[in-house]
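Engineer: Could you have a look at this structure, given as structure tokens, before my questions?
The values are calculated or read from the model by the stated rules, or taken from the named source; none is laboratory data. Quick caveat: nothing in here was measured; it's all calculated off a predicted structure. For neighbour counting, all protein chains shown are included, and Cβ atoms are generated from backbone atoms with ideal geometry for every residue, glycine included. The accessibility values were calculated without ligands, DNA or RNA, using every heavy atom of the protein model including side chains. Shrake-Rupley method; radii C 1.70, N 1.55, O 1.52, S 1.80 Å.
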Amino acid sequence: MAQLQTDPAPETSEGPGIDDYAARLAPLNAVPGWLLFADYFHRTPVPEILPAHWRYRDLRPYVLEAGQVVSSEQAERRVVTLENPGTPGRAGITRTMTGGLQLVLPGEMAPTHRHTSSAFRFVIEGSLASTTVDGEKASMRPGDFVVTPPWAWHDHRNVGDLPMIWLDGLDLHLVNYFDAGFFENHAQREQDITRAEGTSDAEAGHNLLPVSSTSGTVPRSPLYAYPYSRSREVLDQLSRSTGPDPWHAYKMKYISPTTGTWPLPTIATTIQLLPGGFSTRPYRSTESAVFVVVEGHGESTIDGQRFAWEQHDIIVAPSWATHTHTASADSVIFSYSDRAAHEALHLFREDRLWEESR
Ligand code: GTQ
Ligand code: FE2
């Protein structure tokens, strides 16, 4: 009969030291967890990223110069990627998201591909571009917001006569964290057009849906282009008919009309009007937010750091960093963050403060 080997009696103060214990445990790919908890549990978030500010005035010449350095064909996507100064070399504007300025010159085309990362474009400058998402073309003008849902085929074309520059945001690092990244090029450089331009807008952009629509049963938004002319008009109307929220002034979320929430599963996107002279009360939340100045100028204070901004500047507020915005002139700010993922994972928290705590 096999001999049973019993465990030795538990060691007390006479036992081996913790270092000896840890050294013998290590070859089993295991560690004393109780010694590590302090590294991973924090009273409040401890972000690696820093508050940051990119001046469009400084970046723009480099974005245009990229047009001489590489063709859009060679580059596949000709993008100047913004890196958070707290995490250099990691191609992220925050821990979860990318932020980049994409250049497409008149007549150029960025070939068709798809990926499991969600993406969006927010147009900074240019005259007219088009992006095709799963066979339907959408026009893009300055201030327009266009989403590329996960795994949707997409290509872009500059059909105007000025260089087009838009901000791309992707949840790339979040998707890669989950090891859920897939990517493929389309067999055709330019995908076939299968739906007339304006179809999605007619079907889903006006509080009407086709009677047999089953859009509400799938999470994917049936609407993917949000023209600035309309969002600007909404902000204008609200500022004339209602008072400003002390923390957000007039801040609206882009939504999917069938779910009533964010158009992309992980990325939260908003458009906000700050009347000239208005200062927001201090606010903090778990999202890592990127702000893009669409119109106006002013300043923001993030964790005590002041950033004076102008049109097209880009600013980052890390998770749980208390921040305020002050507009010197009527200002419109687009923002994106990982809030949609936080909400889905029941992680989102926010604090509306009345005074800056110190
Ligand atoms: O336009 O499809 O900035 O695939 C990064 C990856 C843009 C795009 C980026 C992309 C795109
Ligand atoms: Fe893409």
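Engineer: Any chance you could check the Cα centroid distance between the range 40-105 and the range 248-327 for me, in angstrom?
Structural biologist: 18
Engineer: Taking the Cα centroid of the range 106-139 and of the range 151-202, what is the distance between the two, rounded to the nearest whole Å?
Structural biologist: 5
Engineer: Could you report the chain's accessible area per residue, 1.4 Å probe, as an integer in Å²?
Structural biologist: The answer is 52 Å² per residue.
Engineer: Taking the radius of gyration and the Kirkwood hydrodynamic radius from Cα positions alone, what is the Rg/Rh ratio for the range 15-163, to two decimal places?
Structural biologist: Rg divided by Rh gives 1.20.
Engineer: Also, quick follow-up: Over the range 86-151, consider all pairs of different Cα atoms and compute the Kirkwood hydrodynamic radius from their mean reciprocal separation; express it in Å, one decimal.
Structural biologist: Kirkwood hydrodynamic radius for the range 86-151: 13.5 Å.
Engineer: On to the next question. What does the charge add up to near TRP166, with Lys and Arg as +1, Asp and Glu as -1, over the other residues with Cβ less than 9 Å from its Cβ?
Structural biologist: Every neighbour counted, the sum reads -2.
Engineer: Could you give me the ³J(HN,Hα) list for the range 259-270, computed from phi with Karplus coefficients 6.51, -1.76, 1.60 and θ = phi - 60°, whole Hz, x at Gly and Pro?
Structural biologist: 9, x, 10, 2, x, 10, x, 10, 9, 9, 10, 9
Engineer: To the nearest µm²/s, what D does Stokes-Einstein give for the chain at 37 °C and 0.692 mPa s, using the Kirkwood radius over alpha carbon pairs as Rh?
Structural biologist: 146
Engineer: Right, another one. Round to the nearest 10 and give me the degree value, 0 to 90, for the angle of helix 56-69's Cα axis relative to the longest principal axis of the chain.
Structural biologist: Between the helix axis and the principal axis of the chain, the angle is about 80 degrees.
Engineer: Would you look at the GNM of the chain, springs on alpha carbons closer than 10 Å, and say which of PRO47, PRO88, PRO27 moves the most?
Structural biologist: The residue with the greatest mean-square fluctuation here is PRO27.
Engineer: According to the Cα gyration tensor, what semi-axes, each the square root of 5 times an eigenvalue, does the equivalent ellipsoid of the range 186-264 have, listed from largest to smallest in whole Å?
Structural biologist: Ellipsoid half-lengths, sorted descending, are 30, 16, 13 Å.
Engineer: Taking the Cα atoms only, what angle lies between the long axis of helix 228-241 and the longest principal axis of the chain, rounded to 10 degrees?
Structural biologist: Once rounded, the angle reads 90 degrees.
Engineer: When a/c reaches 1.5 or more, the comparison of a/b and b/c decides; with that in mind, is the range 155-216 rounded, prolate or oblate per its Cα gyration tensor?
Structural biologist: oblate
Engineer: Please report the net charge: other residues with Cβ closer than 12 Å to the Cβ of GLY92, K and R +1, D and E -1.
Structural biologist: -2
Engineer: Then there is this: Mark the label point 7 Å from the Cα of ALA180 along Cα→Cβ and return the residues of the range 267-282 whose backbone N is within less than 20 Å of it.
Structural biologist: So the set is 267-269.
Engineer: Whenever you get a sec, compute what percent of the accessible area on the chain sits on carbon and sulfur atoms (1.4 Å probe).
Structural biologist: 54
Engineer: What residue among ASP134, ASP155, ASP39 has the largest mean-square fluctuation in a Gaussian network model of the chain, using Cα springs under 10 Å?
Structural biologist: For the chain, modelled as a Gaussian network with Cα springs under 10 Å, the answer is ASP39.
Engineer: Can you give me the distance in nm between label points at ASP19 and ALA308, each placed 7 Å from the Cα along the Cα-to-Cβ direction?
Structural biologist: 5.5
Engineer: If you don't mind, there's one more thing I want to ask. Report the residue, chosen from ALA22, ALA202, ALA268, that carries the largest GNM mean-square fluctuation when the chain is represented by alpha-carbon nodes joined by springs under 10 Å.
Structural biologist: Answer for the Gaussian network model of the chain: ALA22.
Engineer: Just order 110-119, 55-64 by mean Cβ neighbour count inside 10 Å, highest at the front, would you?
Structural biologist: Highest mean packing first, the order is 110-119, 55-64.
Engineer: Rounded to the nearest 500, what is the 222 nm mean residue ellipticity of the chain from helices alone, with -39500 (n - 2.57) per DSSP H run of 4+ residues and division by all residues?
Structural biologist: Per the formula, -4500 deg cm²/dmol.
Engineer: Suppose R0 equals 25 Å; then what is the FRET efficiency for ALA187 and ARG77 from their Cβ-Cβ distance, rounded to the nearest 0.05?
Structural biologist: 0.85
Engineer: When you take every Cα atom in the range 232-358, what is the radius of gyration, and what is Dmax, the widest Cα pair distance, in Å?
Structural biologist: Here Rg and the maximum Cα pair distance are 14.1, 43 Å.
Engineer: Test of understanding: what is the full-extension gain from ARG57 to HIS206, defined as 0.36 nm times their sequence separation minus their Cα-Cα distance?
Structural biologist: 49.9 nm
Engineer: Further question: Between TRP151 and ARG90, how many nm apart are label points set 7 Å from Cα along the C-beta direction?
Structural biologist: Placing both labels 7 Å along Cα→Cβ, they lie 2.9 nm apart.
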